[in-house]
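Written out below as structure tokens is the structure these notes cover.
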Amino acid sequence: MLNSRIKTRQVPLREDAVTSRRTFLRGSATAAGALVIGLTLDLKGARAAGGPDLSKAPAKPNAFVRIAADDTVTVVIKHLDMGQGNTTGLATIVAEELDADWGQMRAVFAPADASLYNNLAFGPIQGTGGSTAVANSWIQLRKAGAAARAMLVAAASAEWKVPAGEITIEKGVMRHKSGKEGRFGAFAAKAAVQPIPENPALKDPAAFRLIGTTLKRLDSDAKTDGSAKYALDVRRPGQLTALVARAPRFGATLKSVDDTAAKAVPGVVQVVRIPSGVAVVARDTWSAMKGREALTLTWDDAGAERQSTESQAAAYKALADKPGLVASQRGDAAGAIKGAAKVLEAEFSFPYLAHAPMEPLNATIERAGDGSYDIYAGSQFQTIEQAVAAGILGTTADKVRITTLWAGGSFGRRATASADYIAEAAAILKATGEKAPIHLVWTREDDITGGYYRPAAYHRIRAGLDAKGAITGWEHRIVGKSIIIGTPLEAMMVKDGVDATTVEGASDTPYALPAYRFEVHNAREGVPVLWWRSVGHSHTAQAMEVFVDELAHAAGQDPVAYRLGLLKQAPRLSAALTLAAEKAGWSARDQKPGRGYGVAAHESFGSYVAMVADVTAEAGKVKVNRIVAAVDVGVAVNPDVIRAQVEGAVGFALSSVLRNRITFKDGEVQEKNFDTYEPTRMSEMPKVEVHIVPSAAAPTGIGEPGVPVLAPAIANAVFAATGQRLRSLPLDVAGLRGV
Amino acid sequence: MTTLTLNGRTYEVEADPEMPLLWAIRDHLNLTGTKYGCGIAQCGACTVHLDGQPVRACQTRLGDVGAAKITTIEGISGPVAEAVRTAWRKLDVVQCGYCQSGQMMSAIGLLSDNKAPSDADIDAAMDGNVCRCGTYQRIRAAIHDAARSLA
Ligand code: FES
Ligand code: FES
């Protein structure tokens, strides 16, 4: 039953797991002691997308659960874990239905195989993103766990000669009232030959014993003794390290290269041209760095992007003067504003942002003896990466295996429709004759200057209030470069020229607006852009939540009460907002000059988050003291992981609120490393409290939804503290006058 | 040829003495628990101990190490290291985990000198260690927790 491909492709989560894994596999090869649970997926999608046609192949069960004779239960994780803790979350779902003991749970990363491991939210594609890992796996893994449980029970029932219905399981121990008792491992082999139930009964959520409790993360041990393996840690026999010299301006092409000096650097093995630049291949990273520095390159800037940050800002404003494509509308917004008692207007600018995951982009690629290929990476879009690499190497996607490793962060950067850095690695392997394994490494400078930024954006909003302060109409224009247009995803994700990722969180606002019109302009420019943790919400929430705050202020109403009045049709967001306000002590807050509280509430990726920020602000300085968050993510599978994700969202996003921006001068990125693009540091980290709204709804994600509300909560708190509205990001802290 | 004493063993490394210790450890000794994050002393991911003191391996030239004893995350031991590791695990500090070797090496350095660090002491000792996942709140709590267990 064990699919041999899966058998040989699974990656231990830590070094010392290698030994036990081998033992287990040897055992299973003799058909003793292993149980694999399979659920057959609808493969239509995979076939339509050109994936392997499995209809003629022998049944290959979609293996998510393995129970070994040593009583360990291993869950096959089909998603990239870049720190968001989905390894723990997905294993929890299986353990729950199985009634396993948490201590017996293990996890391995799945091989790249979209026919088994596609993201059900993405269709036929294996990949991770959009805070979907737990959400799309919820029923799939519950069924897998429940099926495994039923098969274990069936095996015990046969052995003990008692009715299956009389067998109970608690913490991995099966019992019958006759006194018979046994652990999973002892029944694994017999369970494996039981028929797979098609529709196993799922637990009543009221009986959940693990879900909703605090469980130790499965990755804590390996990540605290240096044994967790990231892509940067891959060491294949004979591997060489490659660095690429890329054009200083996006869109420039290589005119000439003199690599004489580079080749003379000790340790440098080869210098090759690839589409994105010139690759220096060396015996170690340092030699590759020195070799790259020694290159003499000239670039042809004929097709290059030459904008500066200032010229771009002016162009965006000019675009916003003209009507754009309509993303959503209702009634006559312009007319409703014309007749209003009060009209407010505001504009918001947002810079490009780099993701800057701690582990820079890198991947190892090698050719196997049979002409197939292996990629080792923190792979986020496995199916796309297989296809792109195959295209470059002149083979088919099924000949490209991917070993997914722990990723040192991503925040969206590892998921590109072009599989950019994987394509580079494949191109270098090809250009070097496919002899040695190639480890492509990006330095931090490559990362910060390398594009695929959160798009810059400009928002202009007008709204009218009636005499009582109620909104009459809302007009909102957004200018930004679409993430999707021009990529292979365009046909799927763009409708009538409107890319939802540019307007999400605004054009679909839950606020009850009697009349509205949201428009978008797709700016055209040569800077590659990409989803950055929370995608469009990373700017739309700031525009919406700061402007609503302004309206509340203009209406002379409390910002929380004003929002609640607009959210009568949005009970889940209302409840999160109410809880955050209550826990923060909103109604009794201590407002004085220089100290302020601000609030923001926003839905993204099906999750509802409200935050209250407590800040101290003075001339040229903002200190965030405390953040109180309330989140509704449906069933809270791992409450502590949810809290960690919101704490982390604050730490991640704070530097983008206070200072981070990618700027251009004559087309060249000005920021290079953490000195000029400085992440949040320990001394800046506020105290973060996270409260979870109890919910029985299907679980949604929390990797991203903590991010959008942070900026507006802080901006609104700065207003409360100083009376000054800082709208654009990063906040103009330097321009803050005293109080 | 440079001789290094690392985690209690002696190694011969054949590399340019100008090479940062970070790359000698990662690429020549293949000990990959020590991480690269910036290469310019801005993130602390590469933190190792030289004779017990935290240093940035990306800023330490191989040729300058001399007889100093190097300790990496794989080689830490003793009550302070154990207290730090236990606290990190107890509080589930890690997210992506990539920065955490460096964070723990800095925290061990702090607690070795200061048995009861204040929040201000933690800020001062840990500000050079970036965690892009934003785990600072738990790092702070874990340092306090480790300090309590050592008291
Ligand atoms: S890699 Fe040494 S401080 Fe960042
Ligand atoms: S845990 Fe990811 S950078 Fe610190």
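For the range B:106-125, the candidate set comprises residues that are touching a residue at least 60 places away in the same chain (Cβ under 8 Å) and within 16 Å of ligand 1 (Cβ to nearest atom); within that set, the residue that is farthest from the other protein chains (Cβ to nearest Cβ) is B:Gly109. Screening the range B:13-22 for residues that are open to solvent by less than 10 Å² (accessible area, probe 1.4 Å) and at the interface with another protein chain (Cβ under 10 Å from one of its Cβ atoms) and picking the one that is farthest from ligand 1 (Cβ to nearest atom) gives B:Met19.
Scanning the range A:243-260 for residues that are assigned to a strand (DSSP E or B) and out of contact with any helix residue (DSSP H, G or I) (no Cβ under 8 Å at 6 or more places or on another chain) yields A:Arg249, A:Thr253, A:Leu254, A:Lys255, A:Ser256, A:Val257, A:Asp258.
The set of residues in the range A:594-607 that are part of a strand (DSSP E or B), farther than 19 Å from A:Gly651 by Cα and of a type outside the set (Asp, Glu) comprises A:Arg595, A:Gly596, A:Ser607. The test for being outside any strand (DSSP E or B), within 15 Å of ligand 1 (Cβ to nearest atom) and within 30 Å of A:Gly412 (Cα to Cα) holds for B:Cys58. Taking the range A:259-285 as the range and being open to solvent by 50 Å² or more (accessible area, probe 1.4 Å) and more than 21 Å from A:Ala389 (Cβ to Cβ) as the test, the residues that pass are A:Thr260, A:Ala261, A:Lys263, A:Ala264, A:Pro266, A:Val269, A:Arg283. Selection over the range A:414-447 of residues that are open to solvent by less than 10 Å² (accessible area, probe 1.4 Å), within 11 Å of chain B (Cβ to nearest Cβ) and either charged (D, E, K, R) or at positive phi (or both) gives a count of 2. Criterion applied to A:Gly706, A:Gly651, A:Gly634 was being outside any strand (DSSP E or B), free of Cβ contacts under 8 Å to residues at least 40 places away in the same chain and more than 16 Å from ligand 1 (Cβ to nearest atom), and the one residue passing it is A:Gly651. What number of residues within the range A:519-533 satisfy the criterion of being open to solvent by less than 10 Å² (accessible area, probe 1.4 Å) and out of contact with any strand residue (DSSP E or B) (no Cβ under 6 Å at 6 or more places or on another chain)? The qualifying residues number 2.
Scoring A:Gln557 on the criteria (1) surrounded by fewer than 24 Cβ atoms within 10 Å (Cβ to Cβ); (2) touching a residue at least 60 places away in the same chain (Cβ under 8 Å); (3) assigned to a helix (DSSP H, G or I) leaves a single failure, condition (3).
Examine the range B:109-121 for a residue that is within 9 Å of ligand 2 (Cβ to nearest atom) and open to solvent by less than 30 Å² (accessible area, probe 1.4 Å), and state whether such a residue exists. For the range B:109-121, residues within 9 Å of ligand 2 (Cβ to nearest atom) and open to solvent by less than 30 Å² (accessible area, probe 1.4 Å): absent.
For B:Asn30, the conditions (1) more than 16 Å from ligand 1 (Cβ to nearest atom); (2) touching a helix residue (DSSP H, G or I) at 6+ places or on another chain (Cβ under 6 Å); (3) closer than 20 Å to A:Val234 by Cα are fulfilled apart from (2).
Scanning the range B:24-48 for residues that are among the hydrophobic types (A, V, I, L, M, F, W, C), facing chain A (nearest Cβ under 7 Å) and buried (at least 24 other Cβ atoms within 10 Å of the Cβ) yields B:Cys38, B:Cys43, B:Ala45.
Does B:Val93 fit the bill of being of a type in the set (Val, Ile, Thr), more than 16 Å from ligand 1 (Cβ to nearest atom), open to solvent by less than 30 Å² (accessible area, probe 1.4 Å) and touching a Lys or Arg at 6+ places or on another chain (Cβ under 8 Å)? Considered against the rule, which asks whether it is of a type in the set (Val, Ile, Thr), more than 16 Å from ligand 1 (Cβ to nearest atom), open to solvent by less than 30 Å² (accessible area, probe 1.4 Å) and touching a Lys or Arg at 6+ places or on another chain (Cβ under 8 Å), B:Val93 comes out as yes. Just one of (1) over 15 Å from B:Leu110 (Cα atoms); (2) open to solvent by 40 Å² or more (accessible area, probe 1.4 Å); (3) away from ligand 1 (no atom under 16 Å from the Cβ) fails for B:Asp51. It is (1).
The values are calculated or read from the model by the stated rules, or taken from the named source; none is laboratory data. The structure presented is a predicted model; accordingly, all values stated were derived computationally and were not measured. Note that we place each Cβ from the backbone using ideal geometry, even for glycine, and neighbour counts take in every protein chain shown. Keep in mind that these areas ignore ligands, DNA and RNA; they rest on the heavy atoms of the full protein, side chains included. Shrake-Rupley method; radii C 1.70, N 1.55, O 1.52, S 1.80 Å.
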